[in-house]
Amino acid sequence: MSEIMALKNAPAEELLSRYKELYGEDATSKHRLYLWRKIVYRMQEHEHGSLSAKAMSRLKAHIDEYDPINNKALRPDKPVSCLPASSTDKRLPIPGTVITKEYKGAHYQVKVLEKGFEYKGTIYKTLSAIAKEITGSHWNGYLFFNL
């Protein structure tokens, strides 16, 4: 536990070095939190073992069948003329999904619609418009809502 917490405050160079040591390759990102999480995960795998091949196979099957955010098969590949361009973006969950965000101690919920997004009873064309409504400044909607 102390090693994990020590790594949390480690400089990026140390995290990159530790990542390469554990994974045998350079990290694809230099984001400190990402590196720390990946390192801690691998350390826990070494300590406690990883999922069996059977468990991984079942997990993948469940994601393929039930996870609308990660399952691209549920979303149309071709743009549909009646839908806004953003609804064909593979980062966007299927209509009916509620996106949640905590920002400055408050919780926000946005419902994905077939033609836009609903926030506080108002329909918006883009997530960026909702992010601007919440923050008062321009944000990329996908980044703000971590999509």
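Of A55, A129, all but one fail to be within 16 Å of N146 (Cα to Cα), modelled with pLDDT of 90 or more and part of a helix (DSSP H, G or I); the exception is A129. Check whether at least one residue in the range 28-45 is in a loop (DSSP other than H, G, I, E, B) and of a type in the set (A, V, I, L, M, F, W, C), and report yes or no. So far as the range 28-45 goes, no, none of its residues is in a loop (DSSP other than H, G, I, E, B) and of a type in the set (A, V, I, L, M, F, W, C).
Annotation note: Cβ proximity below 7 Å between a residue of the range 1-20 that is part of a helix (DSSP H, G or I) and a residue that is of a type in the set (V, I, T) (sequence gap 6+ or interchain) occurs for I4/V40; L7/I39; L15/I39; R18/I39; Y19/I39. When residues in the range 58-78 are screened for being of a type in the set (G, A, S) and at pLDDT below 60, 1 of them pass.
You will find that of G105, G136, G141, G116, the residue that is in contact with a strand residue (DSSP E or B) (Cβ under 7 Å, 6 or more places away or on another chain), without any contact (Cβ under 8 Å) to a residue 60 or more places away in the chain and not aliphatic (A, V, I, L, M) is G116 and no other. Of the candidates S137, S81, the single residue that is loosely packed, with under 15 Cβ neighbours inside 10 Å, modelled with pLDDT of 85 or more, more than 17 Å from the chain's Cα centre (by Cα) and assigned to a loop (DSSP other than H, G, I, E, B) is S137.
The values are calculated or read from the model by the stated rules, or taken from the named source; none is laboratory data. None of these values were measured; they are calculated from a predicted model. As a convention, Cβ positions derive from the backbone with ideal geometry for all residues, glycine included, and neighbour counts pool all protein chains shown.
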